[in-house]
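Enquirer: Supplied in structure tokens, the structure appears directly below.
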Amino acid sequence: MRRYAVISDIHGNLHALEAVLAEIARMGISKIICLGDVVGYGPFPDRCIDLVIKCCSTAIRGNHDDAVINPQLEEEFNGPAKEAIAWSRGVLGPLHLDALCRLREIEHPHESVMCVHDCPVAAATDYVYDTHIAAIAFGGVNTPICLLGHTHVPMVFEAPPADDSKGELTAHDVVAYVTPDGEPIALAQDRRYICNPGSVGQPRDADPRASFAVLDLDQRTFTVHRTGYDIDAAQLATQQAGLPTVLADRLAIGA
């Protein structure tokens, strides 16, 4: 059975990650793909790294992970994010920093699946959030399915095959699908897809529940699932760590 659980954008939220991993185990899925941003924002970067290393068969490095190990990249972030990155770097030891360094930016867990954190090509934004940016992103996709995160919003984009002789894609060539909780999105054999599982640790689609997905290569489906977790405890831990208040507040509203 070729089923993969897909997680992304954990951001140091241990409470959310533990809830998602428990649900994945309940579903009987043994292969887990992590699309990066294990750290940043939340108060448990070390324990989240430990769980990702232990549980994930494939993991890549996100932009927050990158900034923790490369301080010069901090300047690209806003105030609260920058503060959380510096805080995370300060509490992580050499082994955890080395673990982040060892994560690659691109992985292929299956011959038909490519994994990146954000847009696989240079674009006006790294956030693949609409059909215009998705059309650009497909230019860097070398497999039928590309898994990515970064936006914190679950979404699926569909495009014609790469050998379609019509030149560069435009927004009109791309179809966007919303991903209701538990409803599979069919992945046609003769099309290409960019699939985003949403965020485990900091959803931004007005649903505060942790988000992850299941990619089933046998059934050719991508299904987003939402899992409740102890948001109050996550908020309290964020506040007790001295991290910016906004990083705790936003967990309750999914923003």
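The values are calculated or read from the model by the stated rules, or taken from the named source; none is laboratory data. Being a predicted model, the structure only gives us computed values, none of them experimental. With ideal geometry, Cβ positions are generated from the backbone for all residues, glycine too; neighbour counts draw on all protein chains shown.
Enquirer: Do you know which residues across the range 47-82 are over 24 Å from residue 214 (Cα atoms) and surrounded by fewer than 17 Cβ atoms within 10 Å (Cβ to Cβ)?
Expert: 70, 71, 72, 73, 74, 75, 76, 78, 79, 80
Enquirer: Could you please find all residues in the range 78-103 being within 17 Å of residue 36 (Cβ to Cβ) and either small (Gly, Ala, Ser) or touching a residue at least 12 places away in the same chain (Cβ under 8 Å) (or both)?
Expert: Within the range 78-103, 81, 84, 85, 88, 89, 92, 96, 97, 99, 100, 101, 103 meet the criteria.
Enquirer: I would also like to ask the following. Can you tell me which of (1) over 16 Å from the mean Cα position of the chain (by Cα); (2) at pLDDT below 95; (3) part of a loop (DSSP other than H, G, I, E, B) is the one residue 126 doesn't meet?
Expert: Every listed condition holds for residue 126 apart from (1).
Enquirer: Would you confirm, using the coordinates I've provided, whether residue 215 is surrounded by 16 or more Cβ atoms within 10 Å (Cβ to Cβ), over 20 Å from residue 33 (Cβ atoms) and out of contact with any His (no Cβ under 6 Å at 6 or more places or on another chain)? Give the derivation first.
Expert: Details: surrounded by 16 or more Cβ atoms within 10 Å (Cβ to Cβ): yes; over 20 Å from residue 33 (Cβ atoms): no; out of contact with any His (no Cβ under 6 Å at 6 or more places or on another chain): yes.
Criteria not met by residue 215.
Enquirer: Conditions first: (1) touching a residue at least 40 places away in the same chain (Cβ under 8 Å); (2) surrounded by 15 or more Cβ atoms within 10 Å (Cβ to Cβ). Residue 120 passes all but one, so which condition is the exception?
Expert: Unmet for residue 120, out of (1) touching a residue at least 40 places away in the same chain (Cβ under 8 Å); (2) surrounded by 15 or more Cβ atoms within 10 Å (Cβ to Cβ): (1).
Enquirer: Looking only at the range 82-123, how many residues end up being under 18 Å from residue 196 (Cβ atoms) and not β-branched (Val, Ile, Thr)? Walk me through it before giving the result.
Expert: Initial filter on the range 82-123 (under 18 Å from residue 196 (Cβ atoms)): 105-110, 112-121, 123.
So of that shortlist, the ones also not β-branched (Val, Ile, Thr) come out as 105, 107-110, 112, 114-115, 117-120, 123.
Result for the range 82-123: 13.
Enquirer: Kindly state which strands (runs of 3 or more DSSP E) lie completely within the range 141-221 and contain at least 3 residues that are touching a residue at least 24 places away in the same chain (Cβ under 8 Å) and more than 11 Å from the chain's Cα centre (by Cα). Don't jump to the end; show me each part of the working.
Expert: Values: elements: 145-147, 155-159, 175-177, 192-196, 210-216.
Qualifying strands (runs of 3 or more DSSP E): 155-159, 192-196, 210-216.
Enquirer: What's the total number of residues in the range 50-73 that are over 23 Å from residue 148 (Cβ atoms) and at pLDDT below 95?
Expert: Counting residues in the range 50-73 that are over 23 Å from residue 148 (Cβ atoms) and at pLDDT below 95 gives 2.
Enquirer: Would you please list the contacts, defined by Cβ atoms under 6 Å and residues six or more apart or on different chains, that run from a residue in the range 11-36 that is touching a residue at least 12 places away in the same chain (Cβ under 8 Å) and closer than 15 Å to residue 58 by Cα to a residue that is charged (D, E, K, R) and assigned to a strand (DSSP E or B)?
Expert: Going by the 6 Å Cβ cut-off, the qualifying pairs are 29/3.
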